[in-house]
Each structure stands twice: as C-alpha cells, then as structure tokens.
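The values are calculated or read from the model by the stated rules, or taken from the named source; none is laboratory data. Predicted model, so just to flag it, every value in this text is computed and none were measured. When we count neighbours, we look across all protein chains shown, and the Cβ atoms used for this are built from the backbone with ideal geometry, even at glycine. What goes into the accessible areas is simple: the full protein's heavy atoms, side chains included, and nothing from ligands, DNA or RNA. Shrake-Rupley method; radii C 1.70, N 1.55, O 1.52, S 1.80 Å.
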Amino acid sequence: TVKPEAGASMAASLIPPRDETAQKPSDIYRVEHLLTEREVEDCVAAFENFKETYNTPELIDEGVKNKLIQPIGGYFLKQLISKESVDTSCALVLYLDTLVKFIRLKPFDLAKGFKCLPDHLPVSLKRKVFDNFSSGLPQRKIITPELKDKAICHVIILSLMINGCKTDVKLLTESIRVEPRNMKKLVAITGAHLESDPELGQQRIILRKNLASFDLSYISRKRK
C-alpha cells in the first residue's frame with residue numbers, strides 16, 4: 001500500500017507544475033509551466049516556416065495522411081493557420097503534436113533518437129520530449145508505462161490549454177490509444193473532470209477552478 005503523501009508525490013511527477021490557487025481555470029496551467037522562453041521562440045519560428053508549406057486545411061489533411069502531423073495536431077493547426085497573427089498557442093500545439101507522435105513511435109524508431117521526429121518540429125522541442133518522456137541509453141531509449149502515462153497527462157493538459165479548458169475525449173483517442181479506465185485516472189491526476197454529454201453521446205474533459213481529486217489505487221496498481 002502506498003502512503004497518501006507518497007502517492008501524491010508520484011502523481012505530481014506525471015504533470016507539469018501548476019497554480020492550484022489560480023482564480024481562473026485558464027491560469028492553473030500556464031505556458032511557462034511547460035516551455036521555456038527559448039522553446040516558445042523556437043516553436044513560433046518553426047510554426048511560421050510550417051505555415052509557408054501547410055497553409056490550407058487540405059494541405060494539413062495531407063500531412064496527417066502522410067503521418068507527418070497527428071490527427072489532434074492537425075485539428076488545432078487548422079485553427080491556427082486561419083489567424084493573421086502568431087502567438088504562443090502555436091508552441092502548445094506543436095508540443096502537443098510532438099508528444100502524440102512520440103507516444104506512437106515504434107521501438108525501432110525510438111532507438112533513432114529525436115531525429116526520427118518530423119523535420120518541421122524544432123530541435124529543442126524534440127530533445128525536450130526525448131529527455132523528459134523516455135529513459136535509457138541514447139541508442140536504447142524506452143518509454144516505460146509510467147513515462148507513457150506522464151506523456152498522456154501532458155497531452156490532456158495541452159489540449160485543455162489550447163481549447164479553452166475543455167476538450168472531447170474522442171479528439172484524444174483518435175490520436176492515442178488509452179484504455180477507458182486509464183483515461184479516467186489520468187484525467188483525474190491532471191485535476192480535470194471527465195463528464196458525459198448525453199445530447200452528443202460523447203465524453204468531455206473539463207478543467208475547472210475546483211480541481212478533481214485522483215484515485216490512489218492508480219499509484220498502488222502494478223504496471224506490467
């Protein structure tokens with residue numbers, strides 16, 4: 001059995017820093033909690049270059065079809081290319097797209113290191129993902145179950161930050177495979193709430209000022 005304080009610490013290791021006293025849900029997780037100024041600058045520059053090639057929804061769809069862009073990344077990138085100005089939200093979208101691609105890497109590709117990730121992504125972001133979400137020697141990188149959960153938690157949080165503190169579960173599961181039971185626990189660890197929408201017949205993840213509590217059975221459960 002894991003003590004509550006130990007379980008809380010282990011769960012906290014799966015998510016970025018956050019402001020639990022924030023007065024607005026949008027201030028609980030902030031850009032500076034996830035990316036450095038340099039990483040944001042690199043992402044903005046990368047997005048501006050990206051827009052020169054992928055400047056229509058159809059071209060982004062083509063990128064998704066060719067697996068250069070992930071479905072959830074494509075969904076948000078379509079919204080960004082329609083904007084006249086570029087802001088820090090593009091950094092969050094590129095981080096999200098990079099993480100989803102990383103989660104889906106096969107062992108053979110993982111062993112190649114960050115160079116196996118698409119060229120339109122900034123090197124600083126690709127290094128960050130490999131450094132924070134994999135373990136092992138450079139040519140023998142692995143993603144442990146705990147690190148995969150950490151990556152999924154970050155994907156959930158990024159989706160919420162990009163989309164006004166709410167996102168559809170379907171949008172996530174179109175890009176990453178997560179068992180419903182595990183999704184419920186990971187959402188709770190992020191502090192968000194998993195709710196059903198009877199009218200649409202879908203589940204939504206919503207981040208509110210009052211954070212959800214997580215189930216310690218997640219921590220004590222053996223992972224294979």
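At-a-glance table
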item: Cα-centre dipole for the chain with unit charges at Cβ (Lys and Arg positive, Asp and Glu negative), debye to 20; result: 1180 debye
item: Rounded Å value of the spacing that divides the Cα centres of the stretch 30-73 and the stretch 98-154; result: 17 Å
item: Length added when fully stretched, L147-N66, from 0.36 nm per residue minus Cα-Cα; result: 26.5 nm
item: Flagged links, alpha-carbon separation over 22 Å, of K67/K106; K67/K112; K128/K150; K83/K184; K65/K184; result: K83/K184; K65/K184
item: FRET E, pair S85, D19, Förster distance 30 Å, beta-carbon r, rounded to 0.05; result: 0.70
item: Percent accessible area from carbon and sulfur atoms, the stretch 74-224, protein chains only, probe 1.4 Å; result: 50 percent
item: Where N is the number of residues in the chain, Cα Rg divided by 2.2 N^0.38 Å; result: 1.00
item: Potential lengthening between E32 and S135 on full extension [0.36 nm per residue; Cα-Cα distance subtracted]; result: 34.7 nm
item: Solvent-accessible area per residue, Å², over the stretch 52-201 with all protein chains present [probe radius 1.4 Å]; result: 50 Å²
item: Quotient of C-alpha Rg and 2.2 N^0.38 Å, computed over the stretch 40-153; result: 1.06
item: Unit charges at the beta carbon, dipole of the chain: most positive-side option, N55, V169, L35; result: V169
